[in-house]
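Each remark here refers to the structure printed beneath this line.
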Amino acid sequence: MGGSNQGKRHSPQLSGAAPCEMIPAPGAAQAQVFASTCWECSVCCGTRVTVEQGRVTDIAPNPEHPHSKGAFCIKGIRGALGVTYGPGRVLHPMRRDGPRGSGRWTRIAWDAALDEMAERLAAVRAQHGPLAMVGAVSGAFFSRGAIMALLMRSIGSPNWMINQDLCGGCRAVSARAMGLNITSGEDIANANCILLVGRNPHAADPVQWAAIKQAKLRGARLIVIDPKRIPACDLADLWLRPRPGTDAAIALAMISVLIGEQLHDRAFVERWCHGFDELAGRAAQYPPVVAAHLTGVPAEDIVAAARMYAHGPSCFVSGHGIDAFSAGVQTFRAYHSLVAISGNVDRLGGNRRVKTPRGFKSYLDLLHMPQFRLPEEIERQTLGADRFPLWAGPRGWQTACHNPTVIDAILTSRPYPVRAMYISGVNIAVTYPNTPRTLEALRSLDFAAVATHEMTPTAEMADIVLPKTTALEEEEVSFAPAGPAVLYTRNVVPPGGEARCDLDIAVALLDRLAARGAVTKNLIPWRSQREFNEFLLGDSGISLAELQRTGCVPVPYRLGNFDEQPFATPSRKVELLSETMRAAGLDPLPDFTPPARERAAEDVRTRYPLILLTGDREKTYHHSRFRGDAWARKVSPDPTLLIHPDTARALGIGDREWVTVETPAGAAACRLRARFSEATAPDVVSTGMGWWRPDAPGPTHGALDININAALSYAGPFDPASGSPDARGLMCRVRPVPADAV
Ligand SMILES: Nc1nc2c(c(=O)[nH]1)N[C@H]1C(S)=C(S)[C@@H](COP(=O)(O)OP(=O)(O)OC[C@H]3O[C@@H](n4cnc5c(=O)[nH]c(N)nc54)[C@H](O)[C@@H]3O)O[C@H]1N2
Ligand SMILES: Nc1nc2c(c(=O)[nH]1)N[C@H]1C(S)=C(S)[C@@H](COP(=O)(O)OP(=O)(O)OC[C@H]3O[C@@H](n4cnc5c(=O)[nH]c(N)nc54)[C@H](O)[C@@H]3O)O[C@H]1N2
Ligand code: SF4
Ligand SMILES: [Mo]
């Protein structure tokens, strides 16, 4: 074990730790049960983790958890155990032998791994400058996101990648541009009406799903807007089925109905909204009859939805189905405007704003604190900041890069060369569109290091692979606006093998980079995860001891304190007409943009006649994770493509048969298994994402075959504000695979 911070390493705090509640586990004299938080996804359910003789033997829901109230999923029960104790876990640092993708690895010591990493990064920095180094993580929901950003900033690079352009980027940019800040503040429990748009909580979020079912039992209304018949449709009072990518027209039409019928909240609008008349003018261009034509939803259903929603309090619950579109920000702005003019902001049963407890620092706060930032002239050079200033760079939502611009920079050296990457907690070879190009970019780097739990297609492209601690071995403190609560994840067992947490790796690396003169300014002042967590807690009055005892500390919430905490916009109001968007040269009002496929040339549309949805969530998988676990593969052995039986038969495709899917700008075809379903319209097909098989031949392990991103393009069009590509609503063609080719 190497590392100059070895003595201060974050170690399990079981014996002699601060007080923690021990809940006696039935029938196991020595078992200890800890209240903790599941970190397998950002829902953050409360857990009870049983530890026996230094090993986690059970992970169960915590029914007393104030946020999740016992809601849970199979990934929470099986996922972390599989990652921690499964046979595929990477337990030691490794160096690759032979060319990238050779699949030959030699175990090395931490000292050797970190020395080599520092040496190679310092060499790239010396030759090409700090900007030539990029860090990549999944998001900023976990501490590793903030740590990666600070590590890159410390060596002078503003370039770090998160995959939010493919996830929640559009809703975040919209909420920010309007000053709303209502992401994840849905008060379903007190709503009279729930407007569920592009969200499938049945698979994606058990807490939301439980809350919706409860609300229905007590008589709340549910409107679902989704091109697919999802389980929520069976509970719905009204189901609107738009053609994919056309939602903005529905939202604008609902606004026009609310205003036309005087159903909006005039007092809230007058006091707290900026640009109402302009919004009314825009919405008037989309009366229900026009929207019906644009979306395929009957006008009377849009009117009914508007009236039902107006009978509040109403809660807007949205998801990925209307995000990650090249017009996603405008779609969200339309829905967010509906929330605002109906007065459902920060009101019981509406959409609460995010309010971090006083004195506490969220990961996002940290990224925006002046002492942790680079000079503006450097941040302005963040890849993509010139084209997407509301996303990347000094005024960007999370300050991160525009990812496709990074891939381009690696391959073309424009606007400047990118020659080294450090990747932790993201599987970009599977989860970014255009897998062949992502792999080509990774192969062409001068240096790549990947911190991981398992040998993913991304890790296969690394020079150095570092073993990462799992969510059972790390201590995390975070703020969950949905609670709202401060959450605690306990490091219940010691690290497996030689695994280390992201902060320890960053600290040890920075020490070595500093010794080589390759640190601009050390922005990671903490020597351990514990110190980092204490910094986040700050003077919030919430102590680690309390968190350790309970796993979660609810935070008091004050609704509607608009005077005390105004909206973060130039006008200090909700900007229906966004001055931020205007200043960025963008349309200040929400509008409808026809989906890219409807603007495509006729011959392309003829060749690619079907509409492709990607990203269906499966209960057993979390994106590319758990793909090698027997429990998951038993339930879902192959990637599927939902296809209407009439469409399939016309194409000569039988149920369960393998098919290929291609898109016009995609590099390759992807292979999926047809599943007959009437859940989508005959011209719409729908699939998941994240497929690869750890046991398929390396280095790609199926990522160029059964992974839908192999068939997609990452070349745009992009949302002008968030830089998001179209991850669904795409043109595609589906063909049978001859039986002998399967
Ligand atoms: N089990 C499991 N849970 C997960 C995840 C996981 O991988 N596995 N991932 C987590 C993450 S990071 C995310 S981002 C979320 C994503 O979960 P959700 O936010 O629920 O997103 P999706 O499942 O991609 O899509 C939701 C719905 O949008 C619909 N949709 C598609 N196109 C359109 C459209 O044009 N308009 C409308 N109105 N609807 C459309 C789809 O048919 C689908 O029913 O799930 C989270 N939860
Ligand atoms: N076509 C298409 N593409 C999509 C989507 C889509 O709908 N369609 N969805 C997009 C969305 S919403 C998302 S969020 C992304 C998800 O994209 P990714 O973030 O790449 O997805 P994961 O498979 O969750 O990858 C996380 C990786 O991090 C590792 N990991 C997990 N926990 C830790 C940790 O604590 N530390 C470290 N170092 N590593 C850890 C896991 O082993 C795994 O390899 O994919 C996006 N891609
Ligand atoms: S939804 Fe499942 S994976 Fe996500 S936090 Fe809850 S139990 Fe864990
Ligand atoms: Mo996501």
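The values are calculated or read from the model by the stated rules, or taken from the named source; none is laboratory data. Owing to the predicted nature of the structure, the values given are computational and were not obtained by experimental measurement. Ideal geometry is used to build each Cβ from the backbone, glycine not excepted, and the neighbour counts take in all protein chains shown.
Look through region 139-165, keep the residues that are more than 19 Å from D365 (Cβ to Cβ), surrounded by 23 or more Cβ atoms within 10 Å (Cβ to Cβ) and of a type outside the set (D, E, K, R), and return whichever of them is nearest to ligand 2 (Cβ to nearest atom).
Only one residue tops the list, namely M161.
Looking for whichever is at pLDDT 90 or above, of a type in the set (K, R) and more than 16 Å from ligand 2 (Cβ to nearest atom) here; the options are K8, K69. Which one fits?
So the residue among K8, K69 that is at pLDDT 90 or above, of a type in the set (K, R) and more than 16 Å from ligand 2 (Cβ to nearest atom) is K69.
For region 39-58, which positions are touching a residue at least 40 places away in the same chain (Cβ under 8 Å) and away from ligand 4 (no atom under 16 Å from the Cβ)?
C45, G46, T47, V49, V51, G54, R55, V56
Only one residue in I250, I255 is outside any loop (DSSP other than H, G, I, E, B), within 13 Å of ligand 1 (Cβ to nearest atom) and in contact with a Leu (Cβ under 8 Å, 6 or more places away or on another chain), so which one is that?
On the way: I255 fails: within 13 Å of ligand 1 (Cβ to nearest atom).
That would be I250, the only listed residue that is outside any loop (DSSP other than H, G, I, E, B), within 13 Å of ligand 1 (Cβ to nearest atom) and in contact with a Leu (Cβ under 8 Å, 6 or more places away or on another chain).
If you check L613 against the conditions, is it aliphatic (A, V, I, L, M) and within 14 Å of ligand 1 (Cβ to nearest atom)?
Criteria met by L613.
Picking from D591, D563, D502, which residue would you name as being over 18 Å from F142 (Cβ atoms) and either aliphatic (A, V, I, L, M) or touching a residue at least 12 places away in the same chain (Cβ under 8 Å) (or both)?
Result: D591 is the single residue among D591, D563, D502 that is over 18 Å from F142 (Cβ atoms) and either aliphatic (A, V, I, L, M) or touching a residue at least 12 places away in the same chain (Cβ under 8 Å) (or both).
Tell me the strands (runs of 3 or more DSSP E) entirely within region 648-742 that contain at least 2 residues that are away from ligand 2 (no atom under 15 Å from the Cβ). Full working, then the answer.
On the way: elements: 658-662, 670-676, 684-687, 730-736.
In region 648-742, the matching strands (runs of 3 or more DSSP E) lie at 658-662, 670-676, 730-736.
So how many residues does region 412-435 have that are more than 16 Å from ligand 1 (Cβ to nearest atom) and in a helix (DSSP H, G or I)?
Of the residues in that region, 3 qualify.
Restricting attention to region 284-292, does a residue exist that is away from ligand 1 (no atom under 16 Å from the Cβ), in a helix (DSSP H, G or I) and touching a residue at least 60 places away in the same chain (Cβ under 8 Å)?
No, region 284-292 has no match at all.
Checking P436 against (1) within 10 Å of ligand 2 (Cβ to nearest atom); (2) modelled with pLDDT of 95 or more, which test does it fail?
Result: P436 fails condition (1) only.
Conditions (1) crowded, with 21+ Cβ neighbours inside 10 Å; (2) on the phi < 0 side of the Ramachandran plot; (3) touching a strand residue (DSSP E or B) at 6+ places or on another chain (Cβ under 7 Å), marked per residue:
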site	(1), (2), (3)
V659	yes, yes, yes
G666	yes, yes, no
R673	no, yes, yes
E678	no, yes, no
V685	yes, yes, yes
P697	no, yes, no
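Scan region 319-349 for residues that are more than 16 Å from ligand 4 (Cβ to nearest atom), in a loop (DSSP other than H, G, I, E, B), over 11 Å from G560 (Cα atoms) and not polar (S, T, N, Q) and report the count.
2
Looking only at residues in region 42-63 that are within 15 Å of ligand 3 (Cβ to nearest atom) and assigned to a loop (DSSP other than H, G, I, E, B), which one is surrounded by the fewest Cβ atoms within 10 Å (Cβ to Cβ)?
Looking only at region 42-63, we keep the residues that are within 15 Å of ligand 3 (Cβ to nearest atom), and these are 42-49, 56, 58-63.
Now restrict to residues that are assigned to a loop (DSSP other than H, G, I, E, B): 42-45, 62-63.
Numbers: S42: 16, V43: 24, C44: 24, C45: 25, N62: 27, P63: 12.
Across region 42-63, the extreme among qualifying residues is P63.
Please determine whether any residue of region 679-689 is among the acidic types (D, E), in contact (Cβ under 8 Å) with a residue 24 or more places away in the chain and more than 26 Å from I162 (Cα to Cα).
yes
Residues checked against (1) surrounded by 15 or more Cβ atoms within 10 Å (Cβ to Cβ); (2) within 15 Å of ligand 3 (Cβ to nearest atom); (3) more than 25 Å from the chain's Cα centre (by Cα):
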{"site": "L589", "(1), (2), (3)": "yes, no, yes"}
{"site": "D603", "(1), (2), (3)": "no, no, yes"}
{"site": "L612", "(1), (2), (3)": "yes, no, no"}
{"site": "G615", "(1), (2), (3)": "yes, no, no"}
{"site": "H623", "(1), (2), (3)": "yes, yes, no"}
{"site": "D629", "(1), (2), (3)": "yes, yes, no"}
{"site": "K634", "(1), (2), (3)": "no, no, yes"}
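Of everything in region 441-488, what is more than 16 Å from ligand 1 (Cβ to nearest atom), surrounded by 24 or more Cβ atoms within 10 Å (Cβ to Cβ) and of a type in the set (S, T, Y)? Give them in sequence order.
T458, T469, T470, Y488
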